[in-house]
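*Asks:* One structure coming up, written as structure tokens, with questions to follow.
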Amino acid sequence: MAKSIMQTGKYCYLCSRTTGIEEHHIYFGSLRRISEKHGFKVWLCADHHRGNNGPHQRRVIDLLLKKLCQRKFEETHSREEFMKIIGRNYLDD
């Protein structure tokens, strides 16, 4: 299990809350295992993970996390590497 490439601490990535924290795989569904392997995950409070203002309910939040994660990955890897892993470029959307 890889650590998050997005965070070093265990707090909500969106609001900084430190209680009721849940792990969110940024690329979920069929890409969940890939997210786990590469650390494409963040901690979110329950409200931001499963609530109405979270990535599973609001596409804008989902896309924001995907873009930020890709940008972070590309600080140390190429766009081509990201495309091989995820299969989509979120930064040019």
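*Asks:* Regarding Tyr11, is this residue open to solvent by 50 Å² or more (accessible area, probe 1.4 Å) and either at pLDDT 95 or above or hydrophobic (A, V, I, L, M, F, W, C) (or both)?
*Replies:* Values: open to solvent by 50 Å² or more (accessible area, probe 1.4 Å): yes; either at pLDDT 95 or above or hydrophobic (A, V, I, L, M, F, W, C) (or both): yes.
Yes, satisfied.
*Asks:* Something else: Given the conditions (1) surrounded by fewer than 14 Cβ atoms within 10 Å (Cβ to Cβ); (2) modelled with pLDDT under 95; (3) under 13 Å from the mean Cα position of the chain (by Cα), which single one is not true for Phe28?
*Replies:* (1)
*Asks:* Could you please find all residues in segment 54-77 being assigned to a loop (DSSP other than H, G, I, E, B) and either open to solvent by 20 Å² or more (accessible area, probe 1.4 Å) or in contact with a Lys or Arg (Cβ under 7 Å, 6 or more places away or on another chain) (or both)? Explain how you work it out, then say what you get.
*Replies:* Step one: list which residues in segment 54-77 are assigned to a loop (DSSP other than H, G, I, E, B), which gives 54-58, 74-77.
Of everything in segment 54-77, those that are assigned to a loop (DSSP other than H, G, I, E, B) and either open to solvent by 20 Å² or more (accessible area, probe 1.4 Å) or in contact with a Lys or Arg (Cβ under 7 Å, 6 or more places away or on another chain) (or both) turn out to be His56, Gln57, Arg58, Glu74, Glu75, Thr76, His77.
*Asks:* List the number of the failed condition for Leu44; all other conditions in (1) in contact with an Asp or Glu (Cβ under 7 Å, 6 or more places away or on another chain); (2) modelled with pLDDT of 95 or more; (3) part of a loop (DSSP other than H, G, I, E, B) hold.
*Replies:* (3)
*Asks:* So which of Phe82, Phe73 ends up being free of Cβ contacts under 8 Å to residues at least 24 places away in the same chain and aromatic (Phe, Trp, Tyr)? Talk me through it step by step, then tell me what you get.
*Replies:* Working: Phe73 fails: free of Cβ contacts under 8 Å to residues at least 24 places away in the same chain.
Selected residue: Phe82, the only one of Phe82, Phe73 that is free of Cβ contacts under 8 Å to residues at least 24 places away in the same chain and aromatic (Phe, Trp, Tyr).
*Asks:* Something else now. Which one of the conditions (1) part of a helix (DSSP H, G or I); (2) surrounded by fewer than 13 Cβ atoms within 10 Å (Cβ to Cβ); (3) of a type in the set (S, T, N, Q) does Thr19 fail to meet, given that it meets all the rest?
*Replies:* If we test Thr19 against (1) part of a helix (DSSP H, G or I); (2) surrounded by fewer than 13 Cβ atoms within 10 Å (Cβ to Cβ); (3) of a type in the set (S, T, N, Q), just (1) comes out false.
*Asks:* Next up: Would you please name the residue that is farthest from the chain's Cα centre (by Cα), looking only at residues in segment 31-43 that are without any contact (Cβ under 8 Å) to a residue 12 or more places away in the chain and open to solvent by 60 Å² or more (accessible area, probe 1.4 Å)?
*Replies:* From segment 31-43, those without any contact (Cβ under 8 Å) to a residue 12 or more places away in the chain are 32-33, 35; that's our starting set.
With open to solvent by 60 Å² or more (accessible area, probe 1.4 Å) added as a condition, the list becomes 32-33.
Values: Arg32: 10, Arg33: 13 Å.
Of everything passing the filter in segment 31-43, Arg33 is farthest from the chain's Cα centre (by Cα).
*Asks:* Just one of (1) under 11 Å from the mean Cα position of the chain (by Cα); (2) open to solvent by less than 30 Å² (accessible area, probe 1.4 Å) trips up Gly51, so point out which.
*Replies:* (1)
*Asks:* In segment 37-59, is there at least one residue being more than 14 Å from Arg17 (Cβ to Cβ) and among the aliphatic types (A, V, I, L, M)? Before you say what the answer is, go through the steps one by one.
*Replies:* Pass one, segment 37-59, residues more than 14 Å from Arg17 (Cβ to Cβ): 37-41, 52, 55-59.
Pick out the ones that are also among the aliphatic types (A, V, I, L, M) and you get none.
Within segment 37-59 (the criterion being more than 14 Å from Arg17 (Cβ to Cβ) and among the aliphatic types (A, V, I, L, M)), the answer is no, since none of the residues qualifies.
*Asks:* For Ala46, state whether it is touching a helix residue (DSSP H, G or I) at 6+ places or on another chain (Cβ under 8 Å), open to solvent by 10 Å² or more (accessible area, probe 1.4 Å), hydrophobic (A, V, I, L, M, F, W, C) and over 18 Å from Lys84 (Cα atoms). Full working, then the answer.
*Replies:* Numbers: touching a helix residue (DSSP H, G or I) at 6+ places or on another chain (Cβ under 8 Å): no; open to solvent by 10 Å² or more (accessible area, probe 1.4 Å): yes; hydrophobic (A, V, I, L, M, F, W, C): yes; over 18 Å from Lys84 (Cα atoms): yes.
When the stated conditions are applied, Ala46 does not pass them.
The values are calculated or read from the model by the stated rules, or taken from the named source; none is laboratory data. Bear in mind the structure is a predicted one, so any value in this text is a computation, not a measurement. For neighbour counting, all protein chains shown are included, and Cβ atoms are generated from backbone atoms with ideal geometry for every residue, glycine included. With ligands, DNA and RNA removed, areas are computed over all heavy atoms of the protein, side chains included. Shrake-Rupley method; radii C 1.70, N 1.55, O 1.52, S 1.80 Å.
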